[in-house]
Structure formats: structure tokens, C-alpha cells
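Participant: Pasting a structure here, questions to come.
The values are calculated or read from the model by the stated rules, or taken from the named source; none is laboratory data. On a predicted model such as this, the values are computed, not experimentally measured, just so you know. Using ideal geometry, Cβ is built from the backbone for each residue, glycine included, and neighbour counts are taken over all protein chains shown. Surface areas here come from the heavy atoms of the whole protein model, side chains and all, with no ligands, DNA or RNA. Shrake-Rupley method; radii C 1.70, N 1.55, O 1.52, S 1.80 Å.
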Amino acid sequence: MALKPEPTAPFHSVQYALRVLESVSKHGNGVTDAQISRETGLPAGHLASLLLTLRREGYVEQVSDGAYVIGASLLLLGSGAARRQALEERLQLTLSELRDSVGAAVYLSRYVDGEVSVTQVADGPLTPAVNEWVDFRSSAHASAVGKCLLAQLDHDGRRDHISRHRTARLTSRTITDEKILFSQLDAQSATVPVLDLQEYAVGTVCAAVPLTAGSAAGCLALSLPIEDAHRLRSAAETLSRRAAPVLLSLAL
């Protein structure tokens, strides 16, 4: 004789899954399975199976240190301001992980309405952000961020930008000649990081890689103090390899 299924079991499973998702959502920087177990009261064996299912469906993700964070599927369930905030927090976490991987401050930038816009920064005590001593909107010709964004524009777009923002000499290395600048931008390969070797600020080197999402120009960049310039090439290569998760976060 076949056993009759317990009708309440599926509902209990849904309740457990919701409790787990609530626990993960409360911890923006990630939460361990042990902490989830304490907060939900679920035994380790049951929780492990449930987390595996939630990971498979994309509702949670496990980051490098083993902690769990909300996944893309859960983010897509939201709407309006709450969804935008959740996406920004997830993107910030991705940038922070990238900062730790490259050992440098990391910047996400876009070209919006004809202006350079640094939308998010991940820095820290050991990886300080560059001192913005000249507004990034006015220094696209000198910064790795600006040059990477300008390289993604057509000739008319670049001319329009330069007509509104004079190519001032910020350091002895700054390129101020429009023809030389445009020639370098034309020669820039999309697969090679754009460099700023003390062109924006004395004592700082930077690298940027393009983030192509539709027709919008965007980029990821990093900055290092001049004493760490020997790490710039390897850090830029890591930045380029790790650009895909950031692009995925933007696509969401």
C-alpha cells in the first residue's frame, strides 16, 4: 500500500525557503550557513539541501569566503526603488570583491548625458581612492576613466566633449594636444587597458577597461600609488578578467 503524501509538507518547505531568503536578505555583505541556521532554526542537514536548491535556482549565491548573498533571481522579483537599491548593493559587493582581488581602489564609471560620471567606488584603508583634485568631468583627457570612455565615442562625440571641457595641463605628462589625444584614442585596442601614468595626478597611476552594455559607454578602473606602479599591469589584467560579473550586475 502506497503512503499518502503529507499535504502540509510542501507548504512547510516554502516557509523554510522564505525564512532562509529573509535571513540572507538582511545581511548585505553575506551570511554563513551557521548564522542562517541560528536565525531560522533549521537543522544543518535540512538547510544544506535547501541552500543547494536556492543556489541552483539563482535565488542565493555563495561568494568566495563561503557566505551567502542574494542572487539575481531574487533581485528580479523586486521593483521600483527597492529593486534599484538591491541591485546597487549587489553591485557594490561585486566591486568590493574586485577591489580585494586587485589590491586597489576600483571605480565604476559611465558616460551619461555628455559627461563622465563615476557612479560607484570601492576603496578602503589599504586601498584609498585617488584624490579628485580636479573634477573628473573636466579631466577626461587626462584620466584613465575619461580616456576609456572617450575611446568608446565616435569622433563627433569626442569633439563635442572637448569643446565643452578644455584639455588643461594637469601634470607634466598630461596630453593637451587634441590631435595627439584623438590619435591615441583611435589606436587604443578594446582588449588592452587604458593607462594613466601620472597624467591626472602626480603620484598616482591608473588603468581602465571598457564595459560595453548596449550603446552606453562604461568602464571599470583602478588606481594605485606610484610606489605600487610595478603592480599596475597585473592588476589591470585581473580587472579585465573580472569585468564579466560587473557587466552581468549592470545588465540586471
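Participant: 7 Å from Cα along Cα→Cβ at both A244 and H46: what's the point-to-point distance in nm?
Facilitator: It works out to 3.7 nm between the two label points.
Participant: Next question, about the same structure. Step through the residues of region 222-235 one at a time and calculate ³J(HN,Hα) from phi using the Karplus curve (6.51 cos²θ - 1.76 cosθ + 1.60, θ = phi - 60°), rounding each to whole Hz and writing x for Gly and Pro.
Facilitator: Working through the residues one at a time gives 9, 9, 9, x, 4, 5, 9, 4, 5, 8, 4, 4, 5, 5 Hz.
Participant: Could you order T171, T32, T212 by accessible surface area, starting with the largest, using a probe radius of 1.4 Å? Could the numbers behind the result be given before it?
Facilitator: Values: T171 15, T32 70, T212 90 Å².
Putting T171, T32, T212 in descending order of accessible area: T212, T32, T171.
Participant: Might you list the cysteines of the chain that have no disulfide-compatible partner by the rule of another cysteine's Cβ under 4.7 Å?
Facilitator: So far as the 4.7 Å Cβ criterion goes, C206 stand without a partner in the chain.
Participant: What 222 nm value per residue comes from the helices of the chain, counting each DSSP H run with n ≥ 4 as -39,500 (n - 2.57) and dividing by all residues, nearest 500 deg cm²/dmol?
Facilitator: Working: 10 runs with 113 residues, N = 252.
So the helix-based figure for the chain works out to -13500 deg cm²/dmol.
Participant: Right, another one. Between T191 and D156, what is 0.36 nm times their sequence separation minus the Cα-Cα distance? Round to one decimal in nm.
Facilitator: Details: separation 35, 0.36 × 35 = 12.60 nm, distance 2.29 nm.
Length difference between fully extended and current span is 10.3 nm.
Participant: Return P(r) of region 136-224 (all Cα-Cα pairs; 5 Å bins starting at 0; whole %; ordered from short to long distances).
Facilitator: Once binned at 5 Å, the Cα pair distances of region 136-224 give 3, 16, 27, 28, 19, 6, 1, 0.
Participant: Report the residues of region 28-67 in range of a label on Q15: point 7 Å along Cα→C-beta, backbone N strictly under 13 Å from it.
Facilitator: 41-42
Participant: Can I ask one more? Tell me, what is the percent relative contact order of the chain, built from C-alpha pairs under 8 Å that lie six or more residues apart?
Facilitator: On the way: 373 pairs, mean separation 38.4, N = 252.
Across the chain, relative contact order equals 15 percent.
Participant: Go ahead and run the numbers for FRET between D100 and S183, Cβ-Cβ distance against an R0 of 51 Å, rounding to 0.05. Intermediate values should be presented prior to the final figure.
Facilitator: Numbers: r = 37 Å, r/R0 = 0.72.
For R0 = 51 Å, the calculated efficiency reads 0.90.
Participant: With all protein chains present and a 1.4 Å probe, how do D177, D65 order by accessible area, largest first? List each step's numbers first, then the result.
Facilitator: Details: D177 70, D65 120 Å².
Solvent-accessible surface, decreasing: D65, D177.
Participant: When N is the residue count of the chain, what does its C-alpha Rg come to as a fraction of 2.2 N^0.38 Å?
Facilitator: On the way: Rg = 22.7 Å, N = 252, 2.2 N^0.38 = 18.0 Å.
Normalised Cα radius of gyration, the chain: 1.26.
Participant: Given H placed 1.01 Å from N in the peptide plane, which residues other than close sequence neighbours of A105 have an amide H under 5 Å from its amide H?
Facilitator: Answer set, sorted by chain and number: S223.
Participant: Now, a different point. Pop out the ³J(HN,Hα) list for region 93-104 in order, Karplus 6.51 cos²θ - 1.76 cosθ + 1.60 with θ = phi - 60°, rounded to Hz; leave Gly and Pro as x.
Facilitator: Residue by residue, region 93-104 yields 5, 4, 5, 5, 5, 5, 3, 5, 5, 8, x, 7 Hz.
Participant: Okay, moving on. Go from 0 up to the bin containing the longest alpha carbon distance in region 110-164, width 5 Å each, and give me the % of pairs per bin.
Facilitator: P(r) for region 110-164, in whole percents per bin: 4, 18, 30, 22, 13, 8, 4, 2, 0.
Participant: Taking amide hydrogens as modeled 1.01 Å from N in the peptide plane, which residues meet the under 5 Å criterion relative to T32, leaving out close sequence neighbours?
Facilitator: Y68
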